[in-house]
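The values are calculated or read from the model by the stated rules, or taken from the named source; none is laboratory data. Fair warning: this is a prediction, and the values are worked out from it, not measured in the lab. We place every Cβ from the backbone using ideal geometry, glycine too, and count neighbours over all the protein chains shown. We work out accessible area using only protein heavy atoms, side chains counted, and drop any ligands, DNA or RNA first. Shrake-Rupley method; radii C 1.70, N 1.55, O 1.52, S 1.80 Å.
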Amino acid sequence: MMRRCFQAALSALLLVAAFPPLSVAAAAFFALVPLFFAVRGLGPRRAFVVGLVNGTLFYAGTVYWVVVAMHRYGGMPLAASLVPALALFVYLGLYHGVFALALARGGRLIEGPPGLVVIPALWTTLEFLRGKLFTGFPWSVLGYSQVPFLPLVQIADITGVWGVSFLVVAVNVAVWRLIDRYGSGRGRLPAVELACALALLTTVAAYGFIRISAVLEAVEGWEKVETAVVQGNIEQTLKWDLDYRRATVETYRRLSLEAARRGARLVVWPESAVPFYLDGDRELGPVVKALPAETGAVIVTGAPAAERDGAGGYRYFNSAYVLDAGGVAARYDKFHLVPFGEYVPLRKVLFFVDKLAHGVGDFTPGRGPFPVRAGPLRLGVIICFEAIFPDISAALARNGAQLLVNLTNDAWYGRSSAPYQHLALSLMRAVETRTYLVRAANTGISAVIDPAGRVMDRREIFEEGLIVEPVGIREGAPSFYAARGDVFAWAAAAVTALWLVAVAAGFERRL
């Protein structure tokens, strides 16, 4: 069993290497092979344990930064922050445990060519499920590992990121079969599996090259708006300091005036760039609201909002404001909140649990997703955590958004891998929807991403900076993925369900 766990750990290590910041994308195509060998021949219970080890180690290696957020900025002692972090890693690892259990139980139904469809469908279904259950956490989805090789992710405009995951797992299955046959001397070359995997990989890559060329040609005809992204680089420990608010506003004002001098007509600030209520601060609120008139540009900024709830109290929102020369033109309230960061789920039951992020109080989810108006433009605003959910950006594009605007504050995670991973997720949203995405991050990484997924310009973490780029305003119908949603993921789920029914009925024993 120790050897099996070592193989599972090796698989986890290879998976971690495939993701930012290392981004060894090729490693993803054989990272699951050690796990496949580890599971083979095991009973369901032991296979589940091996899969759990693999998943727990993988997520510990990719989302370890939750400890940074809880300990450094959330005020929790290091030892105390490790407990919920480990619980998160184990929970996420359960999906790998179920994957391994199903492989061990699958029998002859996953041997030979059918496994090239069934095994990737199972993996994709579990990733999709992970993105839905308990508010969802679709971080470290395998498809994101291929962001460094843009042709392979272009299929996401049809399948979403789930199709890229399917491709990667299918290649893993073919590599496993090849090594298994030759390593054990058990027979002939698995020609069908190799041919199918190669054909799939080649087709997806060819589609990618063709689509990149077509998309870049199409965006040449789009109307362009000179757009600025302001990265204020405000240290998280100072962000909500009452004595530092004026310096914060002055930083954003100075950079916005520079953007205007460079021709910007749309200026984007990060999440909570304004660390106070715009309508509640009589000193600095008017300074911010006067900037559109000073710059001649529309400004989009993150700021908290508060409204009376009708019961004598207030409801608080994590919001994005669109400001023009007339004042507040529109407001978008974040609707997919971070559990235990922006609110405590089941507050009456978990009354003893406090939020990790100290701020004005529990946030209330807004309405969404819907675009907001910025003059003639329709902006699809996605605030921080919302960028990790493919269906949110797709719904915004489907509802008429012409430009995606991602406001975030990744200062919570320090110099960890989180800002790099978050950027990769945002890049996939641009490809899926075939829409420009403008990303403003408090301490980085800020970027402008085109509809083919190319990063046109970026500012690195923990540096003050400004990006000014002509950004295309999407024209025409949305992409297939934006229009139809997770059709591919549901198809994978249907294949998985049919397979599980066949296994439960003992069909594989009759083959």
(request) Report yes if ALA218 is touching a Pro at 6+ places or on another chain (Cβ under 9 Å), small (Gly, Ala, Ser) and either surrounded by 20 or more Cβ atoms within 10 Å (Cβ to Cβ) or on the phi < 0 side of the Ramachandran plot (or both), otherwise no. (result) yes
(message) List the residue pairs whose Cβ atoms are under 9 Å apart, where the first residue sits in the range 85-99 and is open to solvent by 10 Å² or more (accessible area, probe 1.4 Å), the second is at pLDDT 95 or above and among the basic types (Lys, Arg), and the two are 6 or more positions apart or on different chains.
(response) TYR95/ARG130
(request) Could you list all residues from the range 261-309 that are over 23 Å from GLU469 (Cα atoms), of a type outside the set (Gly, Ala, Ser), open to solvent by 10 Å² or more (accessible area, probe 1.4 Å) and not in a loop (DSSP other than H, G, I, E, B)? (result) PRO286, VAL287, LYS289, GLU307, ARG308
(message) I'm checking my understanding of the structure. Among residues of the range 140-198 that are among the small types (Gly, Ala, Ser) and closer than 25 Å to ALA60 by Cβ, which one is surrounded by the fewest Cβ atoms within 10 Å (Cβ to Cβ)?
(response) SER140
(request) Search the range 13-42 for residues that are over 25 Å from PRO419 (Cα atoms) and touching a residue at least 24 places away in the same chain (Cβ under 8 Å) and pair each with any residue that is open to solvent by 10 Å² or more (accessible area, probe 1.4 Å) and part of a loop (DSSP other than H, G, I, E, B) when their beta-carbon atoms are under 9 Å apart and the residues are at least 6 apart or on different chains. (result) LEU42/MET1
(message) When the residues of the range 184-228 are narrowed to those that are within 30 Å of PRO113 (Cα to Cα) and among the charged types (D, E, K, R), which ends up nearest to the chain's Cα centre (by Cα)?
(response) ARG211
(request) Look through ARG439, ARG484, ARG434, ARG429 and report the one residue that is in contact with a strand residue (DSSP E or B) (Cβ under 9 Å, 6 or more places away or on another chain) and either closer than 22 Å to PRO376 by Cα or surrounded by fewer than 24 Cβ atoms within 10 Å (Cβ to Cβ) (or both). (result) ARG439
(request) Select the helices (runs of 4 or more DSSP H) contained entirely in the range 6-77, then report the ones holding at least 3 residues which are farther than 24 Å from GLN146 by Cα. (result) 44-62
(request) Could you list, in sequence order, all residues of the range 227-243 that are in a helix (DSSP H, G or I) and in contact (Cβ under 8 Å) with a residue 24 or more places away in the chain? (result) GLN236, THR237, LYS239
(message) Looking for something open to solvent by 60 Å² or more (accessible area, probe 1.4 Å), of a type in the set (Val, Ile, Thr) and in contact (Cβ under 8 Å) with a residue 24 or more places away in the chain - is there at least one such residue anywhere in the range 244-260?
(response) no
(request) State whether the residues of the range 114-121 include one that is assigned to a helix (DSSP H, G or I), surrounded by fewer than 16 Cβ atoms within 10 Å (Cβ to Cβ), under 25 Å from the mean Cα position of the chain (by Cα) and not small (Gly, Ala, Ser). (result) no
(request) Starting from the range 362-389, take each residue that is in a strand (DSSP E or B) and list its partners that are basic (Lys, Arg) and buried (at least 23 other Cβ atoms within 10 Å of the Cβ), counting only C-beta distances under 7 angstrom and pairs at least six apart or across chains. (result) ILE383/LYS334
(request) Filter the range 322-333 down to residues that are in contact with a Ser or Thr (Cβ under 7 Å, 6 or more places away or on another chain), open to solvent by 10 Å² or more (accessible area, probe 1.4 Å) and not basic (Lys, Arg), then give me how many there are. (result) 1
(request) Give the residues of the range 28-68 that are open to solvent by 40 Å² or more (accessible area, probe 1.4 Å) and among the small types (Gly, Ala, Ser), sorted by residue number. (result) GLY41
(message) Checking ALA401 against (1) farther than 21 Å from SER145 by Cα; (2) open to solvent by less than 10 Å² (accessible area, probe 1.4 Å); (3) under 18 Å from the mean Cα position of the chain (by Cα), only one condition comes out false. Which one?
(response) (3)
(message) Just to be sure I understand the filter: pairs with C-beta atoms under 9 Å, separated by 6 or more residues or on different chains, first member in the range 210-222 and part of a helix (DSSP H, G or I), second member open to solvent by 60 Å² or more (accessible area, probe 1.4 Å) and basic (Lys, Arg). Which pairs pass?
(response) ILE212/ARG454; LEU216/ARG454
(message) I need the full set of residues from the range 404-415 which are open to solvent by less than 10 Å² (accessible area, probe 1.4 Å) and under 18 Å from PHE19 (Cβ atoms), in order please.
(response) ASP410, GLY414
(request) State yes or no: is GLY106 more than 30 Å from LEU150 (Cα to Cα), surrounded by 19 or more Cβ atoms within 10 Å (Cβ to Cβ) and within 27 Å of the chain's Cα centre (by Cα)? (result) no
(message) Report every pair of residues separated by at least 6 positions or lying on different chains whose Cβ atoms are under 6 Å apart, first residue within the range 50-78 and under 28 Å from ARG4 (Cβ atoms), second open to solvent by 10 Å² or more (accessible area, probe 1.4 Å) and β-branched (Val, Ile, Thr).
(response) THR56/VAL90; GLY61/VAL16; THR62/VAL16
